[in-house]
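Q: Okay, handing you the structure first.
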Amino acid sequence: MAGLAPIPFSLGVNYPWRNYGEDFGRTPLRYVGVNLPETQNAIAADFAEIHDAGASVVRWFLFADGRGGFLADNGVPRAPDDSLFADVGAALQLAQRCELKLCFSLIDFLWLQDHTGTRDPQPNDHVLHFPAGREAFLLNVLIPLFKEFCGHPALFAWEIANEPEWAIPEFNRDPAAKLHLADFRAYAKEIAQAIKEFARVPVTLGSARLMWVRAWSELPLDFFEAHYYPSTEKETNASLAQQLADLAALDRPLWLGELPARDTSGADYSLTGALDQCRAAGLCGAAVWRWTKPEAQGSDVAIGQVDPAQLLAWSGSERADAQNA
């Protein structure tokens, strides 16, 4: 961004989950966490391929919709469960072994939304819907987590939340969006300050769209993060390059945390072209959605998976350009 010294471009991939909401800690129904030997073997193979494809950062959802990973009484979190630290530690160890860094997204917007009456209740559904629940989650679960992995060399960043705007009525008119901007911003600020005090790791927030990044400029983030999908940007009538140019005056680096492997809604979109535009705009990196296979009924089936060969070809050309510069 304007006036900032050049920084390395961190190419990443989204490894959003193996089992949504169940990778870290236990759920009431089962345990399939990262620390299981068979799970570790599968992740180790994936991480080796990710490294070989030229990526250096892996973005991974941690608590997702809050169904597991901590103990609660009457909807109030009281402590991490007996598997959370082991699962997070195993993931970090695997990443370090493969010379990768992890960006953990702590809270998914689905947990921030209120789905009362529209689906079967999930464990801990309402923890983040009232001040005492949010505060207990920070004090009794997040801060112990930050302390346990303080300054870990395999951590790229703690990401406060994934696309919180979809749960905030000032951005989204969905009936499930009931958490007001002022309330979430105050909570996000508390989490960011806790990361700075107890984690000694960069902090960011995964904004759903480039046009919303500035909404988080009051937070003490180390770098901004936004996501870009051509299918959600049609009403802006602005290309990726145009939107990045409009953000050139940001006072902190910008990382594109989600970029689709492909987008069938726009004939002009290509992953390599988008990565080129991110690099040319001076971004500190970008992460492709996604490495793990989309679920058959998932909303991202049309986007598909990362093509390792395509990623390697792009990263290889970038390294060659850097060496010749």
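Q: Going by alpha carbons, how many degrees (0 to 90, nearest 10) lie between the helix axis of 37-52 and the longest principal axis of the chain?
A: Computed tilt is about 20 degrees.
Q: Out of residues 5 or more away from ARG59 or on other chains, whose amide H comes under 5 Å of its own, with H placed 1.01 Å from N in the peptide plane?
A: So ARG59 has HN proximity to VAL13, ASN14, TYR15, CYS103.
Q: What shape does region 215-325 take by its C-alpha gyration tensor, where a ≥ b ≥ c are the square roots of the eigenvalues and a/c under 1.5 counts as rounded, a/b above b/c as prolate, and the rest as oblate?
A: Values: a/c = 1.58, a/b = 1.12, b/c = 1.40.
Since a/c reaches 1.5 but b/c is at least a/b, the shape of region 215-325 is classed as oblate.
Q: Still on this structure, I have one more. Considering only the other residues whose Cβ falls under 12 Å of the Cβ of GLU197, what net charge follows from Lys and Arg at +1 and Asp and Glu at -1?
A: Taking every other residue near GLU197 into account, the sum is +2.
Q: Compute the length gained on full extension between THR116 and ALA44: take 0.36 nm times their separation in residues and subtract their Cα-Cα distance, giving the result in nm to one decimal.
A: Roughly 22.1 nm would be gained on extension.
Q: How many angstrom lie between the Cα centre of region 19-36 and the Cα centre of region 43-88?
A: 9 Å
Q: May I pose another question? Taking amide H atoms as placed 1.01 Å from N in the peptide plane, list the residues 5 or more away in sequence, or in a different chain, whose amide H sits under 5 Å from that of ALA79.
A: Under 5 Å from the amide H of ALA79: LEU71.
Q: Among rounded, prolate and oblate, which fits region 127-236 when a ≥ b ≥ c are the square roots of the eigenvalues of its C-alpha gyration tensor, a/c under 1.5 means rounded, and a/b larger than b/c means prolate? Walk me through the numbers before you get to the answer.
A: Details: a/c = 2.38, a/b = 1.39, b/c = 1.71.
Because a/c hits 1.5 or more and a/b fails to exceed b/c, region 127-236 counts as oblate.
Q: Which three semi-axes in whole Å describe the equivalent ellipsoid of region 10-324, each the square root of 5 times a Cα gyration tensor eigenvalue, listed largest first?
A: Listed largest to smallest, the semi-axes of region 10-324 are 29, 23, 19 Å.
Q: May I pose another question? Just to confirm a number: summing +1 for Lys and Arg and -1 for Asp and Glu over residues other than ASP222 whose beta-carbon lies under 15 angstrom from that of ASP222, what do you get?
A: Surrounding charge for ASP222 is 0.
Q: Now for a separate question. Distance between the C-alpha centers of region 146-201 and region 289-308? Whole Å please.
A: For region 146-201 versus region 289-308, the Cα centre distance is 25 Å.
Q: Right, here's the next one. Length gain on complete extension for the stretch HIS126 to ASP307, per 0.36 nm per residue less the alpha carbon to alpha carbon distance? Walk me through the numbers on the way to the answer.
A: Numbers: separation 181, 0.36 × 181 = 65.16 nm, distance 3.79 nm.
The span from HIS126 to ASP307 would gain 61.4 nm if fully extended.
Q: If you take the charge dipole of region 1-125 about its Cα centre, with +1 on Lys and Arg Cβ and -1 on Asp and Glu Cβ, which of ILE50, GLY69, PRO123 is farthest toward its positive end?
A: Going by the charge dipole, the pick is ILE50.
Q: Another question about this same structure. Could you give the angle, 0 to 90 degrees to the nearest 10, between helix 271-280's Cα long axis and the longest principal axis of the Cα atoms of the chain?
A: 80 degrees
Q: Treating only the Cβ of Lys, Arg, Asp and Glu as charged (+1, +1, -1, -1), what charge dipole size does region 10-324 show about its Cα centre? Round to the nearest 20 debye. Don't jump to the answer; show the numbers that get you there.
A: On the way: 26 positive and 42 negative charges, 67 e Å.
With only Lys, Arg, Asp and Glu charged at Cβ, the dipole is about 320 debye.
Q: Can you compute 3J(HN,Hα) from phi for each residue in region 244-260, using the Karplus curve 6.51 cos²θ - 1.76 cosθ + 1.60 with θ = phi - 60°, rounded to whole Hz and x for Gly and Pro?
A: With coefficients 6.51, -1.76 and 1.60, one gets 5, 5, 5, 9, 4, 8, 4, 8, 9, x, 10, 10, 8, x, 9, 9, x Hz.
Q: To one decimal place, what Kirkwood hydrodynamic radius in Å is obtained for region 1-98 from all pairs of distinct Cα atoms?
A: 14.9 Å
Q: Using the alpha-carbon atoms, what tilt in degrees (0 to 90, nearest 10) does helix 181-198 show relative to the longest principal axis of the chain?
A: That helix lies at roughly 90 degrees to the long axis.
Q: What ranking, highest mean first, results for peptides 273-283, 229-239 when packing means the other Cβ atoms within 10 Å averaged over each residue?
A: 273-283, 229-239
Q: Within the set of other residues whose C-beta is less than 13 Å from the C-beta of GLN122, count the net charge using Lys and Arg as +1 and Asp and Glu as -1.
A: Summing Lys/Arg as +1 and Asp/Glu as -1 gives -4.
Q: Report the equivalent ellipsoid semi-axes for region 95-148 in whole Å, largest first, defined as the square roots of five times the eigenvalues of the gyration tensor built from alpha carbon atoms. Intermediate values should be presented prior to the final figure.
A: Details: eigenvalues 153, 54, 12 Å².
For region 95-148, the ellipsoid semi-axes come out as 28, 16, 8 Å.
Q: Can I ask one more? By the gyration tensor of its Cα atoms, with a ≥ b ≥ c the square roots of the eigenvalues, what is the shape of region 170-229: rounded for a/c under 1.5, prolate for a/b over b/c, or oblate?
A: oblate
Where a number appears in this text, it was derived from the coordinates with a stated rule and is not lab data. These numbers come from a predicted model, not from an experiment. As a convention, Cβ positions derive from the backbone with ideal geometry for all residues, glycine included, and neighbour counts pool all protein chains shown.
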